[in-house]
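The values are calculated or read from the model by the stated rules, or taken from the named source; none is laboratory data. Worth saying up front: this structure is predicted, and the values here are computed from it rather than measured. Cβ placement follows ideal geometry from the backbone for every residue including glycine, while neighbour counts extend to all protein chains displayed.
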Amino acid sequence: MAPIKLAIIGAGPSSFYVASRLLASLPPSSPYHSALRIHMYDRLWAPHGLVRYGVAPDHPEVKNCVHKFDAAATDPRLRFFGNVNVVASPPVVPLPQSTELPLSTLFSNYTHLLLSSGCSLPLLHPALPPSDHCVPALSLVHWYTRHPSVAHKPPPPLEKLEHISIIGQGNVSLDVARMLLTPPSTLEKYDIPEPVLDVLRRSAVKHVSIIGRRGPLEAAFTTKELREMMNLEDASMEPIDPSLLVVPEGAKLTRQQSRTMQLLQKGSRNKPGTTPKSWSLDFFRSPTGLAPPNSASSSLTRPYTLSLAHNTLSADKKAIPTGETSTLRTSMVVTSLGHQAEPSIPWYDPDLRHVRTVGGRVVDETGRTVKGVYASGWAAMGARGVLASTMIDAYAVADTILADSFPDQIRRENDALASAAGDGSLGELSEVLANKVDLEGIPEEVNKAMASGDVTDYRDWKMIDEEEIRRGEKLGKERERMDWEEARAFLEHARMS
Amino acid sequence: MLHLKSIQTLPETCRRATTSLSLSHVASRSFSRQTIASTRTHRSLDRCRTEWTRHHTRHNLLTSSLSPLYRQSTCRRSLHSTAAPQHGPITRPAPGTGIKVHFKDSKGNLIKTVEANEGDDILSIAHEYDIDLEGACEGSVACSTCHVIVDPEHYDLLPEPEDDENDMLDMAFGLTDTSRLGCQVKLARGLDGITATLPSATRNMFVDGKKPTHH
């Protein structure tokens, strides 16, 4: 087998699951053990992608997967380079602290490439352009996870907001709603930065409307998240029109749908009207516009008017307007409609809104498989699925990489590799990567940035991780996050002593 | 056991917290096995909402290979409300004395038959015997990666899954009528001969290429 020198763009869960599987598949007992090198690049200084900057703070158990990532990172064949932004064209989200590395540099330094950079752009609603009173849910997630892109940006003015309208009924919507409705005294033990908790403690939010264009059977949230909403300590759900909770005759519900319906029929643990805060699921409503305050009907706390078109379901489960409309007075609109990959990533397909792949292998616009180039996770599948689906996909991509790399004979003898290889014919190939590379070599730009302290490695991250946990311990919480300035100062100090 | 008794005289909320904390820290295998029937350690203190706290014996096999620095960090984490309890590995019973568990692959082929002790859960057993069963959330009922299909005869002997396990099973791939999370299936004497089949995990779930987005 020719050596595999793999560059991975992105260091989120999908990236780590692929790396972990590759490393484990070539253990020290394998004759190919030393023929593998993995260099993982992330434009952020901290690894783990959405596990650090996406998982809701009150779901700490989900983050236990990092123990597996930590274990993979102890393998000397894997190296992590944080703060390195691999760019094919000028980046959409400029990150001043990260070093820009042209994609072409990876082509000449690696034999294999994995695109694992996820879906980092929020989908917007055509009727609701972003403004200071209409923000994507991702901005709030970035705020409460202290994502590097929000450094020095003002927090949401929750002390002035009484009513929040969330557009979209997925789990991100419920995560945001839960953060806004859970007492800060309950949240403070979690991994939530102190400045975020301060804002939450001053919050004036009384009601969160969670608006979806279709009905309860089409909602994207899952039962765990819905149950958590139902069990909120000092919030209750506004009653849902019972006619919406009648299962249509002849409808065959999935297990999840029937359990969702049961939860909705039962309602929240706290009865409506008995709590200081409330929330509602507003089904069959599509926003058509957000009007600014007008002097005649101006309300200080709910100055904006959200127009909603009422919908019904077509036979093929699409939302179709009934012609009826209504309005909702609100203080801020949060759009939570899913995510897409950045159009600047290589082999991006504008129709799919992510990388074009077949069975994990990247395909160019003419349909040719690009030799040695793969994609995994949301960059390859689009933004859907939970950690388990990302893991299954990542393992399959790792098997495909190995199947493509191993000689035929070995491939045939191993079930997993044989099925990953498919029929073995990839058709015409497009080639962009080097055939011969220095296995230990690091691109010159990266070497230079490392010398000036701009790049983090996994050891740096573990030191920061330890320190964040130590700082959290002092405050009686899971961790207290650092931003890059603090982390950099801490690392400089640690390296000197 | 004395330790447990003293805990039981504490007020309810306090006892839950203490039980869970003490299990996270001092649980030795013998202690935990004796108390397993009455103790189910849950993932975080505030979620210990029943008097039975759930006890996950999931040993993080990975941490044993980590540097002391890493291990320290995971131990520290378990001091707080966050991580699943980190316990030692399960102990294998003397051959011929344990409860037999058959692991099968998704095609129904036997992977291996192993023996384990009362109270051990399927996920921990799989890890002890190098069966390829993931446990991404380490037994804290926050993912569905340890999904197994239990043979119907033994499935009927198991206590009903709780809401949180059902919520995760909703999202499991290849769900069947006898699906469970491996971390929640605890061995009892009556379960001798139980079969745990790993579900098929293929990327066929994801249709490559065109798939309309909903937005």
### Message
Here is a list: A:VAL141, A:VAL176. Which entry is surrounded by 21 or more Cβ atoms within 10 Å (Cβ to Cβ) and in contact with an Asp or Glu (Cβ under 9 Å, 6 or more places away or on another chain)?
### Response
A:VAL141
### In segment A:353-398, the residues that are at the interface with chain B (Cβ under 10 Å from one of its Cβ atoms) and aromatic (Phe, Trp, Tyr)
A:TYR395
### Query
Which ones in segment A:93-121 are hydroxyl-bearing (Ser, Thr, Tyr), at pLDDT below 95 and within 21 Å of the chain's Cα centre (by Cα)?
A:SER98
### Message
Can you confirm whether B:VAL101 is at pLDDT 95 or above, within 14 Å of chain A (Cβ to nearest Cβ) and either within 17 Å of the chain's Cα centre (by Cα) or more than 30 Å from A:ASP191 (Cα to Cα) (or both)?
### Response
no
### Message
With at pLDDT 95 or above and part of a strand (DSSP E or B) as the only criterion, which of A:VAL141, A:VAL176, A:VAL135 stands out?
### Response
A:VAL135
#### Entry: Only one of A:ASP58, A:ASP75 that is within 11 Å of chain B (Cβ to nearest Cβ), surrounded by fewer than 24 Cβ atoms within 10 Å (Cβ to Cβ) and touching a residue at least 60 places away in the same chain (Cβ under 8 Å)
A:ASP58
### Query
Which of (1) part of a helix (DSSP H, G or I); (2) in contact (Cβ under 8 Å) with a residue 24 or more places away in the chain; (3) away from every other protein chain (no Cβ under 14 Å) is the odd one out, the single condition A:SER243 does not satisfy?
(2)
### Task
Report whether or not A:LEU50 is within 14 Å of chain B (Cβ to nearest Cβ), among the hydrophobic types (A, V, I, L, M, F, W, C) and either touching a Cys at 6+ places or on another chain (Cβ under 9 Å) or within 21 Å of A:SER344 (Cα to Cα) (or both).
yes
### Task
Go through segment A:241-272 and give me each residue that's on the phi > 0 side of the Ramachandran plot and at pLDDT 95 or above.
A:GLY267
### Query
Can you tell me which of A:ALA204, A:ALA235 is at pLDDT 95 or above, surrounded by 23 or more Cβ atoms within 10 Å (Cβ to Cβ) and within 14 Å of A:SER278 (Cα to Cα)?
A:ALA235
### Message
Of all residues being buried (at least 21 other Cβ atoms within 10 Å of the Cβ) and either of a type in the set (A, V, I, L, M) or at positive phi (or both) in segment B:134-165, which is farthest from the other protein chains (Cβ to nearest Cβ)? Just the residue, please.
### Response
B:VAL150
### Query
Which of the residues spanning segment A:196-232 are within 11 Å of chain B (Cβ to nearest Cβ) and β-branched (Val, Ile, Thr)?
A:THR222, A:THR223
### Message
Taking the conditions exactly as written (surrounded by fewer than 18 Cβ atoms within 10 Å (Cβ to Cβ), touching a Leu at 6+ places or on another chain (Cβ under 8 Å), within 14 Å of chain B (Cβ to nearest Cβ) and not in a loop (DSSP other than H, G, I, E, B)), does A:MET261 satisfy them or not?
### Response
yes
### Task
For A:ARG37, work out the one condition from (1) over 30 Å from A:LEU197 (Cβ atoms); (2) crowded, with 21+ Cβ neighbours inside 10 Å; (3) under 22 Å from the mean Cα position of the chain (by Cα); (4) more than 12 Å from every other protein chain (Cβ to nearest Cβ) it doesn't fulfil.
(3)
### Query
Which of (1) within 14 Å of chain B (Cβ to nearest Cβ); (2) among the hydrophobic types (A, V, I, L, M, F, W, C); (3) surrounded by 16 or more Cβ atoms within 10 Å (Cβ to Cβ) does A:LEU475 not meet, given it meets every other one?
(3)
### Task
Return the total of residues in segment B:159-188 being part of a helix (DSSP H, G or I) and either at pLDDT below 95 or more than 17 Å from B:LYS100 (Cβ to Cβ) (or both).
9
### Query
Which numbered condition trips up A:LEU103, out of (1) surrounded by fewer than 24 Cβ atoms within 10 Å (Cβ to Cβ); (2) out of contact with any helix residue (DSSP H, G or I) (no Cβ under 7 Å at 6 or more places or on another chain); (3) within 14 Å of chain B (Cβ to nearest Cβ)?
(3)
### Query
Only one residue in A:GLY215, A:GLY250 is in a loop (DSSP other than H, G, I, E, B) and either over 28 Å from the mean Cα position of the chain (by Cα) or outside the structural domain of A:ASN171 (by TED's automatic domain parsing) (or both), so which one is that?
A:GLY250
### Task
Select from segment B:131-155 the residues that are touching a strand residue (DSSP E or B) at 6+ places or on another chain (Cβ under 8 Å), of a type in the set (A, V, I, L, M) and under 21 Å from A:SER20 (Cα atoms) and list them in ascending order.
B:ILE131, B:LEU133
### Message
Looking at segment B:136-151, can you tell me whether even one residue there is at pLDDT below 95 and more than 13 Å from the chain's Cα centre (by Cα)?
### Response
no
## Note on the structure
Among residues of segment A:338-352 being more than 13 Å from the chain's Cα centre (by Cα) and facing chain B (nearest Cβ under 10 Å), the residue farthest from A:CYS134 (Cα to Cα) is A:ASP349
### Query
Taking the stated definitions as given, is A:LEU439 surrounded by 13 or more Cβ atoms within 10 Å (Cβ to Cβ), touching a Ser or Thr at 6+ places or on another chain (Cβ under 6 Å) and within 30 Å of A:ASP364 (Cα to Cα)?
no
### Query
Among A:ASP234, A:ASP198, A:ASP191, which is the only one that is of a type outside the set (Val, Ile, Thr), without any contact (Cβ under 8 Å) to a residue 12 or more places away in the chain and assigned by TED's automatic domain parsing to the domain that holds A:SER139?
A:ASP198
### Query
Does segment A:148-158 contain at least one residue that is among the aliphatic types (A, V, I, L, M), under 23 Å from the mean Cα position of the chain (by Cα) and within 13 Å of chain B (Cβ to nearest Cβ)?
no
